[in-house]
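What follows is one structure encoded as C-alpha cells, with my remarks underneath.
The values are calculated or read from the model by the stated rules, or taken from the named source; none is laboratory data. Computed from a prediction, not measured in an experiment: that's the story for all the values here. Note: ideal-geometry Cβ built from the backbone for every residue, glycine included; neighbour counts use all protein chains shown.
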Protein chains: 2
Amino acid sequence: MGISLRESKDERPLILDPWGLTIVEDYERLYKEFGIRPLKPLLSDIPNPSPEMRRGIVFAHRDFEQILEAMKGCQEFAVLSGIKPTGDFHLGTLMTAKEIVYFQRQGARVFYCIADIEAYEDNDIPFDESERIAVENVADVLALGLDPRNAYVYRQSKEERVKDFAITFSRGVTLATLKAVYGERHFGLYLSALIQAGDILLPQHEDFGGPKPTVVPVGIDQDPHLRFTRDLAQRFKRKFGFVLPSSTYHKLIKSLDGSPKMSKRDPMSYFTLNEPLELIAKKIMNAFTGGRPTVKEQRELGGMPEACPVYELNAFHFMEDDKDVMGLYEMCKTGKIICGDCKRHTIDVVLSFIRDHQKKRLKYIDKAKEIVMQ
Amino acid sequence: MGISLRESKDERPLILDPWGLTIVEDYERLYKEFGIRPLKPLLSDIPNPSPEMRRGIVFAHRDFEQILEAMKGCQEFAVLSGIKPTGDFHLGTLMTAKEIVYFQRQGARVFYCIADIEAYEDNDIPFDESERIAVENVADVLALGLDPRNAYVYRQSKEERVKDFAITFSRGVTLATLKAVYGERHFGLYLSALIQAGDILLPQHEDFGGPKPTVVPVGIDQDPHLRFTRDLAQRFKRKFGFVLPSSTYHKLIKSLDGSPKMSKRDPMSYFTLNEPLELIAKKIMNAFTGGRPTVKEQRELGGMPEACPVYELNAFHFMEDDKDVMGLYEMCKTGKIICGDCKRHTIDVVLSFIRDHQKKRLKYIDKAKEIVMQ
C-alpha cells in the first residue's frame, strides 16, 4: 500500500517504551524479537477491514485469529482501549478512537478506560483535573462515532474491579520482571502498569460475563503493556479462566517536523482536534516534507512521501478514500505535485474534518459529563 | 519493673523486619539508630497507664506527647491497629488487642484493620479464606473488650479509601526507598506496605473528620511501617494536612523454647487463644525456662526470669496484678520457687483466662460476622 518505511540497518537494541520516546525504524525486527505477527496474511480473511488495516497502518498483531473467529462467527468479543487524560485529543488518540469505533461496528463490546491513575503517576495530574479533561476527551470519542449504548466508559480511579485485579496480580510479580519490561521506574509507574493489566482483563471479569476474546488496538510503542498483561493472564488463567488478550498494532504517525514521533514537548510537532483552525493550518504550512530542495528537482526526481508527515496526515487520518491516498502517493512520487500545493490541499481536507468534528463534539459535552461523572 | 533484658554487646547491624524474624537484643540501640524514644520519662504524666506500660512491656514511642495531650485535654484522637488474618489469635495479636481496648477506654476512636491484602501478598491466603478467618479474629477482639460502637473494623480489600491512599502515595516512592526500608521484596509486598500506610492514615481521611493525632501500638519489629508511613505523611502533609502518626512499641514475647520470637513455623513455640486447653497446658509444661540445671542450684543461685518465657507469660499477659508479677520475679530470683511449681501455677492462671475467653467469644461470633461482612 501507500505507506512504506525507511529501511534501517541500525543495530541498536530495539526497546519499546510506553512512557517515553520509541523510535521504530525497522518494523521487521518486531516480528523476530517480540513475537508480534504481521497482519497482512490475515487481511483477505477479515470481512470488512478498516481503512487503517487496508493501508498497512494497522500492520501487526498478537493472536488476532481468535478475534477474527469471533467476528466471523458473530460470537461475543470485546475491544478495550483508552486515553490518558492529560490534555486535548491528538492524532494518536484519534487513531485508537477510530479503531474502537471500527471494532464496535464489527460487533465488539467496547471498554474505554480513562487512565487517570496513569495520568497521576506519570504526569502528576490531580484526579479532579483529570476528571475535567476526561469529559472533554469523552466528548471527542462520542463525536468520532462511539455508541455509548454498547460501551463501558470508566475512570481507573473509580473502577474497583480494576484496582482489585491489580492487587491480585501484584502477588509474585518480581521487580526483575518489571525492570525487564519497563526499565528502572518509580514505584507508582510500576503500579500503574499493574492497573493497566487490570484494565485489559476487565472485559473478562465475571461481572461482564467472564472470559472472552478481547482485542486491544494500540500503537506499537504500547506493546510492553500487552506482553506484561499476557504473562499475567497466563499466570492467573487457572483462577479466572482468562483468554489471553489479543492486540493490533498501528504505526506511529511522524512529527510535523519529520522526526519519528509527535511530542507534547513541542507544540509545533502536532496538533489536537480542538485547537483553532488557523493554528492547525499554520502548523501544516510549516511542516517538514518529503520534498526536494528545488521545484525543478522535485519535478524531475519526484518527492519522498515515505518521509513526509504531510503525506501521513492524509494517509493515516484525513483522506477517506484509499484511491485518493494512492493517487496522492503517485502524484508525489512522480513529481506531479509540489509541496506547497499538497500542503494547501491537505489543509483543506484537515480543516474540513476538524471543523465538522468541533461542531459535533459540542453536542456531546453533556452526554460526556453524564458518562464520566456517573 | 520486673522485665529486664539481656545485655548485648553484639555489633551486628540492627535490622527491623516486619515480615520476618527480628532479633532485638539491645533495645537501647533503637533509641540511637532509629529515633524511637523511651516511654519511661512520660510514664508519670500518663493519667491511667496500662499494665503493659507500667511493666515496661510497652517501652518506647514516637511522638506520644501529642496523644498524651489529647488524652489529658479530652481532644479527639484515634488508635489504629489490626490483624493479618492468617490463623487463630495468638499472643502477639492479644497484645495489640489489649492496647487498642486500652486506648479506646482512654477516649480514642478505634480503627481496626483486617489486613487481608497483606495476608494475600505475604501468605497467599485467598480473600474468601481470610474473610472466614477474620470473623473468628474479630470475635476474639470483641471478647477481649473492644466496644464495636466506637470502632471502625474493616477489611483492606473492601476499603476503597485505603487503596486510594496507597495509589496516591505511590507516586514518587522510589524502589531505593522501599529497598532501604524493607529489603529486596516482591512487588506485592511493597504494595502491601503502601496499603498499610493507607490504613495508618485512614483515621485522618476527610470522611472520618480529617487530620487528628493517631496512635499505632505495635511490636517493635513493625517500626519500619511506621517510619515509612511517617515519611509519606510528611510528604503529603500539604495535600491532606496529616498529623504525623504516633506510635508505641511493645517488646516481643519470647518463644516457649526460649528463642527471641514466637514462630508459626513451630507450633510448640506458641499457643493461640483458641486451642484445646490440654494442649496449651502441655506446651507450657514443655517450655524452656530460666531455671538452673538442678533444684539445688536453683535454690542457691535463684532462677533467671529475664530469660524465661514462662515468667513472660505471667508478666506480659496473664497475671493481672503488678504486685503478683513483682512477687513472682522476686520468688524466682531468690530461689524460693522452682520451675515445676511455677509452671503449674502459670498453667492455672493461663487456662483460667483462656477458658473464660473461649466461652465469651462464642457469644460474639454473630456480631463478628455482621461486622466483617458488612
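When you check B:R132 against the structure, is it in the same structural domain as B:A70 (by TED's automatic domain parsing), free of Cβ contacts under 8 Å to residues at least 60 places away in the same chain, out of contact with any His (no Cβ under 8 Å at 6 or more places or on another chain) and not polar (S, T, N, Q), yes or no? First the steps, then the outcome.
On the way: in the same structural domain as B:A70 (by TED's automatic domain parsing): yes; free of Cβ contacts under 8 Å to residues at least 60 places away in the same chain: yes; out of contact with any His (no Cβ under 8 Å at 6 or more places or on another chain): yes; not polar (S, T, N, Q): yes.
When the stated conditions are applied, B:R132 passes them.
Quick check on A:L252: is it touching a Gly at 6+ places or on another chain (Cβ under 9 Å) and among the aliphatic types (A, V, I, L, M)? Can you show your working first?
On the way: touching a Gly at 6+ places or on another chain (Cβ under 9 Å): yes; among the aliphatic types (A, V, I, L, M): yes.
Taking the combined requirement at face value, the residue satisfies it.
Is it the case that some residue within the range A:236-258 is of a type in the set (K, R), within 14 Å of chain B (Cβ to nearest Cβ) and closer than 29 Å to B:A166 by Cβ?
yes
Looking at the range B:126-144, can you tell me whether even one residue there is surrounded by fewer than 19 Cβ atoms within 10 Å (Cβ to Cβ) and on the phi > 0 side of the Ramachandran plot?
Checked against the condition, which is being surrounded by fewer than 19 Cβ atoms within 10 Å (Cβ to Cβ) and on the phi > 0 side of the Ramachandran plot, the range B:126-144 yields no hits at all.
Do the conditions hold for B:M319, that is, is it under 25 Å from B:T96 (Cα atoms) and surrounded by 14 or more Cβ atoms within 10 Å (Cβ to Cβ)?
The answer is yes for B:M319.
When you look at A:D164, is it of a type in the set (D, E, K, R), within 14 Å of chain B (Cβ to nearest Cβ) and either more than 25 Å from A:K98 (Cα to Cα) or in contact with a Lys or Arg (Cβ under 7 Å, 6 or more places away or on another chain) (or both), yes or no? First the steps, then the outcome.
Working: of a type in the set (D, E, K, R): yes; within 14 Å of chain B (Cβ to nearest Cβ): yes; either more than 25 Å from A:K98 (Cα to Cα) or in contact with a Lys or Arg (Cβ under 7 Å, 6 or more places away or on another chain) (or both): yes.
Here the answer is yes, as A:D164 does meet what is asked.
Of the numbered conditions (1) within 30 Å of B:R149 (Cα to Cα); (2) among the charged types (D, E, K, R); (3) buried (at least 17 other Cβ atoms within 10 Å of the Cβ), B:E312 fails exactly one; give the number of that condition.
It is condition (1) that B:E312 fails.
Please work out if B:L362 is within 22 Å of B:H90 (Cα to Cα) and surrounded by fewer than 20 Cβ atoms within 10 Å (Cβ to Cβ).
Values: within 22 Å of B:H90 (Cα to Cα): yes; surrounded by fewer than 20 Cβ atoms within 10 Å (Cβ to Cβ): yes.
Yes.
Could you list, ordered by first residue, the pairs with Cβ atoms under 7 Å in which the first is in the range B:228-257 and within 30 Å of B:P305 (Cα to Cα) and the second is among the polar types (S, T, N, Q), at least 6 apart or interchain?
Within 7 Å, the pairs are B:S255/B:S263; B:S255/B:S269; B:L256/B:S269; B:D257/B:S269.
Checking B:L273 against (1) farther than 30 Å from B:F127 by Cβ; (2) of a type in the set (A, V, I, L, M, F, W, C); (3) at pLDDT 95 or above; (4) surrounded by 19 or more Cβ atoms within 10 Å (Cβ to Cβ): exactly one of these is not met. Which one?
If we test B:L273 against (1) farther than 30 Å from B:F127 by Cβ; (2) of a type in the set (A, V, I, L, M, F, W, C); (3) at pLDDT 95 or above; (4) surrounded by 19 or more Cβ atoms within 10 Å (Cβ to Cβ), just (1) comes out false.
Just to be sure, is A:D199 surrounded by fewer than 23 Cβ atoms within 10 Å (Cβ to Cβ) and either within 14 Å of chain B (Cβ to nearest Cβ) or closer than 24 Å to A:F77 by Cα (or both)?
On the way: surrounded by fewer than 23 Cβ atoms within 10 Å (Cβ to Cβ): no; either within 14 Å of chain B (Cβ to nearest Cβ) or closer than 24 Å to A:F77 by Cα (or both): yes.
Considered against the rule, which asks whether it is surrounded by fewer than 23 Cβ atoms within 10 Å (Cβ to Cβ) and either within 14 Å of chain B (Cβ to nearest Cβ) or closer than 24 Å to A:F77 by Cα (or both), A:D199 comes out as no.
Test A:G183 against the criterion of being of a type outside the set (A, V, I, L, M, F, W, C) and facing chain B (nearest Cβ under 8 Å), and give yes or no.
Numbers: of a type outside the set (A, V, I, L, M, F, W, C): yes; facing chain B (nearest Cβ under 8 Å): no.
No; evaluated as a whole, the condition is false for this residue.
B:A115: at pLDDT 95 or above, touching a strand residue (DSSP E or B) at 6+ places or on another chain (Cβ under 8 Å) and within 14 Å of chain A (Cβ to nearest Cβ), yes or no? Break it down into steps so the answer makes sense when it comes.
Values: at pLDDT 95 or above: yes; touching a strand residue (DSSP E or B) at 6+ places or on another chain (Cβ under 8 Å): yes; within 14 Å of chain A (Cβ to nearest Cβ): yes.
Yes; evaluated as a whole, the condition is true for this residue.
Can you tell me which condition A:D221 does not meet? The list is (1) outside the structural domain of A:I46 (by TED's automatic domain parsing); (2) touching a Gly at 6+ places or on another chain (Cβ under 9 Å), and all the others hold.
All conditions pass for A:D221, except number (1).
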